[in-house]
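To start, the structure under review is shown below, and the notes come after it.
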Amino acid sequence: MATSQTTLHGSGVGRGAVVGPVARAHPAPALHTEAPPPDDVAAAVAEVTEAFAQVARTLEKRAEEAGGTIADVLGATAMMAADPELVGQVRSRIEGGQAAVPAVDRSVAEFADLFTAAGGYLAERVTDLRSVRDRVVARLLGLPEPGVPALARPSVVVADDLSPADTAALELDKVLGIVIEQGGPTGHTAIIAGQLGIPCVVRVVGASALEDGTEVAVDAAAGTVVVDPDDELRGRVETRREALATLAGRTDPGTTADGHAVALLANIGTAEDAERLTDAAVEGVGLFRTEVLYLGRTSAPTEDEQAEVYARALGALGGRKVVVRTLDAGADKPLAFVTRSGEENPALGVRGFRLVRTDEELLRTQLRAIARAAERTGGDPWVMAPMIASVEEAEQFATLARAEGVRTVGVMVEVPAAALRARDLLAVVDFVSLGTNDLAQYTMATDRLLGELVDLLDPWQPAVLDLVAATAEAGLDVGKPVGVCGESAADPAMALVLTGLGVTSLSMSPAAVPGVRFALSRHSLERCREIAAAARSARTAVDARRACLGLVDAQVREVLALG
Ligand code: PEP
Ligand code: MG
């Protein structure tokens, strides 16, 4: 085996692997921060105003062409370009004697600082803001649009960072993979790449040194980029690519090798996401994150607007199961009109269901809209509340939801208190769904957005597994469904553990379903129970995963690159 290959490391998105030549994105224009003041202030103001307007229009047009989550992402960036406060600030700077480019640069920097300080969702949107800056500056300087150039052949796109607009403009038939030096696993590029099923590795140290045309092997499952891969590695990647393509063609429902059913469901955020599932091989939606509907707005969407969106989603899914989650605002998902400012620990504050304390009507409106959509489409959505910590909260939610016409009511189990008392919660609701992202955050006292603590945030942590097991056991005892809709459901090895623990459905990004389906189909329920027991008897997260993998079928390990 050759040893001269350089391997770069990052965070992978998805399980795919691919080999191809590098195509570098056009760099952002240089920012002439020392430029002299404009001779004609009025003309400079007019020019910059027009540049912002043109950028907004171009992005809006692309959003219309794109549809789905990509359209939302582009729409959000277009809104930033059209933001009167941002444009107003740039204008005032020019009127105060600054040249146009530094005025744009400094205004954007100020907004970016505000976004960063706000944290969570807004902090991740700083990339969009900079993309607006670069596009506006390129226009002012008469330079080509920054971003990915037209691709002459199928390539691996390499960039310092890709704005959502860059990602959305990619010629998908020619993009083999994406490698990003910056960004994060929950950033826009990662979300979009995951949605499109493109192998992607983000936070790759050293990616900016990769030159155009260099061959690289991108392995999202391993989170690696190998420079100039040898024939052996190329062969392995190709075999895996073919095997994954075959798995992606399967449409059978989720079952273990001996026929025990575990529903495989999709996580979505918009009606367009639901429409994209019309022909997808998923048994329904296990998590509809409705907060996407409220993002980027200054007031809540009306009952009519919401009913329209929910009806579209239910209609697209036909008679399939749909679990709608009520608004989960706050902490990592701040919303301008509901999130309280000034809380020292927003993740522990008035977020999720707790908003009912100050604004019950916000929740009632949403519940009514869901019930109306159900009536209109003949669907039967299951509806659950996020961030439930006590049985009183579960009871309060169930009462409100039923009063507004919801038939099947559940709560998320994403706070340790809820997991420990899952039996009590299940006595007052019809089902629960484990949100392992937040459950890990609250069990391990670790901010889910803090990359440097990912080892603590690991869903394989024994304490997190114990809480998942306690919840699943309560479900088995009372005979009510316990699903998992956190990221851990997308890990095929963890999916086996969850099945062995008694979880009844797994909800994940649609691109992750084929791998999980394959893993389940190669293990009996009894084997899943053994795997779960082995994982639970480990003392550390690393040992738990290792103990699980030791019992996983060799072909599953190889094809899905589970390590
Ligand atoms: C979770 O916390 O695991 C979850 C599914 O919800 P979200 O990621 O939207 O907080
Ligand atoms: Mg959550």
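Annotations
- In the calculated pair-distance distribution of the stretch 219-357, the portion above 27 angstrom amounts to 47 percent of the Cα-Cα pairs.
- Computed over the alpha carbons of the stretch 249-559, Rg followed by Dmax gives 18.6, 54 Å.
- Tail fraction, Cα-Cα pairs, the stretch 325-368, threshold 13 Å, whole percent: 49 percent
- Low-density loop positions, GluC sites (Glu not before Pro), the stretch 171-269 - DSSP coil, at most 16 other Cβ in 10 Å: 171, 211
- For the stretch 90-102, 3J(HN,Hα) per residue [Karplus equation, 6.51 cos²θ - 1.76 cosθ + 1.60, θ = phi - 60°, Hz, x = Gly/Pro]: 4, 4, 5, 4, 5, 4, x, x, 7, 6, 4, 5, x
- Whole-percent P(r), the stretch 334-416, all Cα pairs, 5 Å bins from 0: 3, 14, 24, 23, 18, 12, 5, 2, 0.
- Mean Cα-pair separation over length for the stretch 261-379, i.e. relative contact order, pairs under 8 Å, 6 or more apart, %: 28 percent
- Accessible area of residue 60 in the full protein assembly, 1.4 Å probe (Å², nearest 10): 90 Å²
- Counted residue by residue at 0.36 nm each, then reduced by the alpha carbon distance between them, the extension gain from residue 141 to residue 341 reaches 68.1 nm.
- Nearest-10 value in Å² for the accessible area of residue 480, using the 1.4 Å probe: 60 Å²
- Once the chain from residue 260 to residue 26 is taken as fully extended at 0.36 nm per residue, the excess over their C-alpha distance is 79.1 nm.
- Anisotropy class of the stretch 123-273 from Cα gyration tensor, a/c 1.5 cut: oblate
- Exposure rule at most 16 other beta-carbon atoms within 10 Å, DSSP loop trypsin sites (Lys or Arg not before Pro): the chain longest free segment: 1-249
- For the stretch 186-293, the Rg and Dmax computed from alpha carbons only, in angstrom: 17.6, 50
- Rounded to the nearest Hz, the phi-derived 3J(HN,Hα) couplings of the stretch 73-80 under the Karplus curve 6.51 cos²θ - 1.76 cosθ + 1.60 (θ = phi - 60°) are 5, 5, x, 5, 5, 4, 5, 5, where x marks glycine and proline.
- Evaluated at q = 0.12 Å⁻¹: base-10 log I(q)/I(0), Debye formula over Cα of the stretch 438-563: -0.41
- Shape parameters for the stretch 41-141, alpha-carbon atoms, Rg then Dmax in Å: 13.4, 42
- For q = 0.08, 0.12 Å⁻¹, Debye-computed log10 I/I(0) when each Cα of the chain counts as one equal scatterer: -0.55, -1.22
- Ranked order, 26, 523 - accessible area, probe 1.4 Å, largest first: 26, 523
- Scanning residues 5 or more positions from residue 321 or on other chains, those with amide H under 5 Å from its amide H are 285, with H placed 1.01 Å from N in the peptide plane.
The values are calculated or read from the model by the stated rules, or taken from the named source; none is laboratory data. A quick note: this is a predicted structure, and the numbers were derived from the prediction, not measured. Virtual Cβ from ideal backbone geometry, glycine too; neighbours counted across all protein chains shown. Please note that ligands, DNA and RNA were not included when accessible areas were found on the heavy atoms of the full protein model with its side chains. Shrake-Rupley method; radii C 1.70, N 1.55, O 1.52, S 1.80 Å.
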